[in-house]
1. Can you say whether Asp315 is within 30 Å of Arg32 (Cα to Cα) and outside the structural domain of Leu165 (by TED's automatic domain parsing), as far as the supplied structure shows?
2. Looking at (1) buried (at least 20 other Cβ atoms within 10 Å of the Cβ); (2) not assigned by TED's automatic domain parsing to the domain that holds Leu157, can you tell me which one Arg331 breaks?
3. Would you confirm whether or not region 225-247 contains a residue that is of a type in the set (Phe, Trp, Tyr), surrounded by 22 or more Cβ atoms within 10 Å (Cβ to Cβ), closer than 30 Å to Gly277 by Cα and touching a helix residue (DSSP H, G or I) at 6+ places or on another chain (Cβ under 9 Å)?
4. Is it fair to say Arg172 is part of a helix (DSSP H, G or I) and crowded, with 18+ Cβ neighbours inside 10 Å?
5. Being part of a strand (DSSP E or B), assigned by TED's automatic domain parsing to the domain that holds His151 and at pLDDT 95 or above: is that true of Arg245 here?
6. Scan region 105-115 and give yes if some residue there is of a type in the set (S, T, N, Q) and in contact with a Leu (Cβ under 7 Å, 6 or more places away or on another chain), otherwise no.
7. How about region 185-208: which of its residues are among the hydrophobic types (A, V, I, L, M, F, W, C), more than 17 Å from Phe130 (Cα to Cα) and not in a loop (DSSP other than H, G, I, E, B)?
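The values are calculated or read from the model by the stated rules, or taken from the named source; none is laboratory data. These numbers come from a predicted model, not from an experiment. With ideal geometry, Cβ positions are generated from the backbone for all residues, glycine too; neighbour counts draw on all protein chains shown.
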Amino acid sequence: MSTSTIGVAIIGCGGITLQNHLPGIALCPEARLVALCDTDGATLETARQQTGVGVATTRCEEVVRRDDVHAVIIATPNCTHAPLAHAAIAAGKHVLCEKPLAMNANEARRMAEAADRAGVRHMTAFTYRFVPAMRYLRHLVDKGFLGQPYHYRSCRLQDWGRRNLGWRQVKRLAGTGELGDMLSHRIDFAQTLVGPMRRLVADMRRVHDDREGRPSDLDDWVAILAEFECGATGVLESSKLASGRNESWRSLDSVEVNGSDASAVFITGKWNELQIGRLGGSGLEIVTVPREFHVWPGSPRDPAQGDPLVTFRYDQAFEFIDAIRNQRPCRPDFHDAVQVQRVMDTAVVSADQRRWMDLDDAD
């Protein structure tokens, strides 16, 4: 990187930006927020007032052309990810994009290939990669502590009722509903822990065609039964309609891996602990995550400061900026997102055709 300070622009200034991306950038002394962009004037003004940034525009082309912008964070409706990313890449900007990366795997693959050709850093916001307990779980799997993986399962249950979800309930804007919104995180972690999926069968249901007077044409619930290339099985479920389950970290969100030697479980809200049980043991026991896993490697964040239910998310921005500074690949990158999108594409076809499908069938 030829400049000592990395100028960052954010396109899309909604809740995710205010909660995750802005505090994350503030964590990085090498980065400076130089521009904001959003097509909604009120949303843009709220972000401008919160940040004090002088450049705030509704025109994304103005942002990517700026010489003081070296990197772009995209946090907009899913249908806009690809055109915005291609515009930024063509202008030589590094790109961090929210998930799901694209509307389908082919679109995501073209984004990854374009970024590779341009030599820019590219990253996908699979934020759960940065959870201390999830990082420690991956470490245990990689080190063979669990033995041969037998089963992976994840369950995400929230109570969103019939409230309006905005663009997230419109197929032409979001592509998928609960599948892309919530289960994409769990698909990414499944393949990070256990490896690529080989085949799957899926079901998707839309219970509410109308949310607060606005039509909805996307899934409220999704489930996948999978077989991984290593032979392990997978069960993944996610719902917006688990009445009484609350939402966000207060609702059920669990990940479990069963291996030949041991099992490990992560549950929402317990960001710094796992439940672990050994073969033939008397049950699961709580294990505190070692301190070296509390922050992303190299991050200056103090894990003792702030709410641990939130602050791990800030390490995502550090990883992006550090990869730019050191001219190395980001983790996770667009290619990781392509693999998640392949699973999502296959799940959509499987649910429609009501049959098992190989991952290659949907390519």
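1. Criteria met by Asp315.
2. Condition (1) is where Arg331 drops out.
3. No, region 225-247 contains no residue that is of a type in the set (Phe, Trp, Tyr), surrounded by 22 or more Cβ atoms within 10 Å (Cβ to Cβ), closer than 30 Å to Gly277 by Cα and touching a helix residue (DSSP H, G or I) at 6+ places or on another chain (Cβ under 9 Å).
4. No; evaluated as a whole, the condition is false for this residue.
5. The answer is no for Arg245.
6. Checking region 105-115: not a single residue is of a type in the set (S, T, N, Q) and in contact with a Leu (Cβ under 7 Å, 6 or more places away or on another chain).
7. Going through region 185-208, the residues among the hydrophobic types (A, V, I, L, M, F, W, C) turn out to be 187, 189-190, 193-194, 197, 200-202, 204, 207.
Still in the running and more than 17 Å from Phe130 (Cα to Cα): 194, 197, 200-202, 204, 207.
Listed by number, the residues that qualify are Val194, Met197, Leu200, Val201, Ala202, Met204.
So that you can scan it fast, the table gives a plain yes or no per residue for (1) surrounded by 14 or more Cβ atoms within 10 Å (Cβ to Cβ); (2) in contact with a helix residue (DSSP H, G or I) (Cβ under 7 Å, 6 or more places away or on another chain); (3) under 26 Å from Arg109 (Cα atoms):
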site	(1), (2), (3)
Gly12	yes, no, yes
Gly24	yes, yes, no
Arg32	yes, no, no
Leu36	yes, yes, no
Val55	yes, no, no
Val63	yes, no, yes
Arg66	yes, no, no
Asn78	yes, yes, yes
His86	yes, yes, yes
